[in-house]
Amino acid sequence: MDLGLQDKVYVLTGASRGLGFAAARELVADGARVVLTGRHKDRLDAAVSVLGGPDHAHGVVADNADPAAAGQVIAAATDRFGRFDGVLISVGGPTAGPVLTAADDDWRSAFESVFLGALRLARTAADSLTDGGVIGFVLSSSVRQPIPGLGISNGLRPGLAMAAKSLANELGPRGIRVLGLLPARIDTDRVRELDALAPDPAAARAAASAAIPLGRYGTPEEFGKVAAFALSPAASYLTGVMIPVDGGALTAL
């Protein structure tokens with residue numbers, strides 16, 4: 001299947017590793033070019049190298065919480081590759097812990113990066129996108145079902161999903177799509193770090209796997225393929241949707 005990605009240009013934030021990088025790898029494999037952002041230059045340089053070097057990828061050191069970052073990273077796409085077709089907005093997970101013990105500063109910090117920073121990027125992208133453009137958010141299964149021990153994420157992700165749904169309605173008349181991806185237990189560094197918080201990490205992973213209908217954690221590659229399709233012209237009639245990538249773990253429709 002031709003996804004129509006040849007020579008398209010996408011910005012992916014927080015993509016020096018993890019789910020963002022997995023999506024970038026699949027986009028590049030199908031002919032797209034990508035601008036990656038992250039907070040560590042060495043990781044970005046390594047990611048660009050794996051993706052085939054400067055003809056295929058470009059790295060920009062940026063933090064989603066920085067108000068200046070949105071304009072910088074969107075401009076980098078047109079400056080480096082001459083066009084801009086879409087963005088996949090991903091941020092690191094907020095501090096783990098229950099709602100009752102989360103400090104005000106933890107909520108503020110997470111809001112600035114997870115929520116406000118993501119919306120700022122989406123607004124900035126919308127100013128530059130034309131008919132056929134796409135804005136994707138990497139969210140979480142916590143949009144539909146709270147995850148134990150992730151109180152801040154449970155509080156912020158559903159609100160961001162509803163903002164994305166609103167943006168889909170606002171931008172649809174311009175031919176710009178907006179959607180979200182809802183990963184659950186994907187085998188990334190972040191998920192392994194969360195498992196390690198349990199008294200018995202191996203038992204925690206086994207229990208989590210047993211609760212997934214497919215009986216295992218997903219791979220970053222599996223997530224990346226879904227993301228690449230959702231961002232591509234092949235998904236041109238998908239907007240305003242939240243797509244679970246969870247092996248069936250969510251119990252709701």
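The values are calculated or read from the model by the stated rules, or taken from the named source; none is laboratory data. In this text, all values refer to a predicted model and were calculated from it rather than measured experimentally. Neighbour counts are summed over all protein chains in view; Cβ atoms, including those assigned to glycine, are modelled from backbone coordinates with ideal geometry. The area values use the complete protein model at the heavy-atom level, side chains included, leaving out ligands, DNA and RNA. Shrake-Rupley method; radii C 1.70, N 1.55, O 1.52, S 1.80 Å.
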Measure of size requested: the Rg and Dmax of segment 55-197, with Cα atoms as the atom set and Å as the unit; please supply both. 15.9, 48
I'd like the accessible area for residue 192, computed on protein heavy atoms only with a 1.4 Å probe and all protein chains in place. Round to 10 Å², please. 100 Å²
Note, residue 43: beta-carbon cut-off 12 Å, +1 each Lys/Arg, -1 each Asp/Glu, net 0
Just need log10 I(q)/I(0) for the chain at q = 0.07, 0.09, 0.11, 0.17 Å⁻¹, Debye formula, equal scatterers on the alpha-carbon atoms, no solvent, rounded to two decimals. -0.22, -0.36, -0.55, -1.35
Taking the alpha carbon gyration tensor of segment 140-183, what are the square roots of 5 times its eigenvalues, largest first, to the nearest whole Å? 25, 9, 5
The chain: relative contact order in percent, alpha carbon pairs under 8 Å with at least 6 residues between: 21 percent
Whole angstrom only: what separates the Cα centroid of segment 109-136 from the Cα centroid of segment 57-74? 11 Å
About the Cα centre of the chain, how large is the charge dipole given +1 on each Lys and Arg Cβ and -1 on each Asp and Glu Cβ? Please answer in debye to the nearest 20. 280 debye
Per residue of segment 238-249, in order, report the coupling 6.51 cos²θ - 1.76 cosθ + 1.60 (Karplus, θ = phi - 60°) as ³J(HN,Hα) in whole Hz, putting x for Gly and Pro. 9, 8, x, 10, 10, 9, x, 10, 9, x, x, 5
Rg [Å, one decimal], Dmax [Å, integer] - segment 1-119, C-alpha atoms: 15.2, 49
What are the residues whose amide H is under 5 Å from the amide H of residue 243, where those residues sit 5 or more places off or on another chain and H is modelled from the backbone? 180, 181, 182
Just want to confirm a number: the relative contact order over segment 13-141, from Cα pairs under 8 angstrom separated by 6+ residues, in percent. 25 percent
Work out, in µm²/s and without decimals, the Stokes-Einstein translational diffusion coefficient of segment 1-55 at 25 °C, 0.890 mPa s, Rh from Kirkwood over C-alpha pairs. 222 µm²/s
Test of understanding: express the Cα radius of gyration of segment 169-253 as a ratio to 2.2 N^0.38 Å, with N the residue count. 1.32
